[in-house]
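Working notes, structure below.
The values are calculated or read from the model by the stated rules, or taken from the named source; none is laboratory data. No experiment lies behind these values; they were computed from the predicted model shown. Glycine gets a Cβ as well: all are built from the backbone with ideal geometry, and neighbour counts include every protein chain shown. Surface accessibility is based on the protein's heavy atoms, side chains included, excluding ligands, DNA and RNA. Shrake-Rupley method; radii C 1.70, N 1.55, O 1.52, S 1.80 Å.
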Amino acid sequence: QVRLVESGGGDVPAGGSLRLSCVAGGNVFSTNDMGWYRQDPGKSRELVAGISKEGIPKYQDSAKGRFTISKDSAGNAAYLQMDNLRLEDTGLYYCHIEPPLPKSMILFGSWGQGTQVTVSS
């Protein structure tokens, strides 16, 4: 069974950079679109950046020009390079596999556990 594991979050001053990683136990990023979502307290998760299984990226307007989404050629890992971070980028960032859910992920589901990003002034 495949699970998504995020890492790379942390505390960073405004203007700084972080690189988030999402590692899967299989090549699910080659078979499915995926996205990085941010959740603020009391709010629903929102898409920050996504990449199709063909490798086509898309970004939330606030992320354009600052964030870069990518994945490795094997489809085992995905990344979110975040530059020029702002206070409003603070949140819990989740890696997510877009439907249809591969059978290999039924046990653990389509979301990782999240990694916290805190941007301070």
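Measuring with a 1.4 angstrom probe and ignoring ligands and nucleic acids, Glu46 comes out at about 70 Å² accessible.
Here the dipole of the chain is about 180 debye; that uses its Cα centre as origin and unit charges on the Cβ of Lys and Arg (positive) and Asp and Glu (negative). To the nearest 10, the accessible area of Leu101 is 80 Å² with a 1.4 Å probe.
Over the chain, accessible surface divided per residue gives 50 Å², non-protein components excluded, 1.4 Å probe. Counting every C-alpha pair in segment 54-109, the share spaced more than 14 angstrom apart comes to 66%. Principal semi-axes of the equivalent ellipsoid, √(5λ) from the alpha carbon gyration tensor of segment 13-59, are 22, 14, 12 Å from largest down. Straightening the chain between Leu107 and Ser73 buys 9.7 nm, computed as 0.36 nm per residue apart minus the Cα-Cα spacing.
Within a straight-line Cα-Cα reach of under 23 Å, Lys43 can be paired with the following lysines, leaving aside sequence neighbours fewer than 8 residues apart in one chain: Lys58, Lys64. Modelled spin-label separation between Ser30 and Lys58, with each label point placed 7 Å from Cα along the Cα-to-Cβ direction: 2.4 nm.
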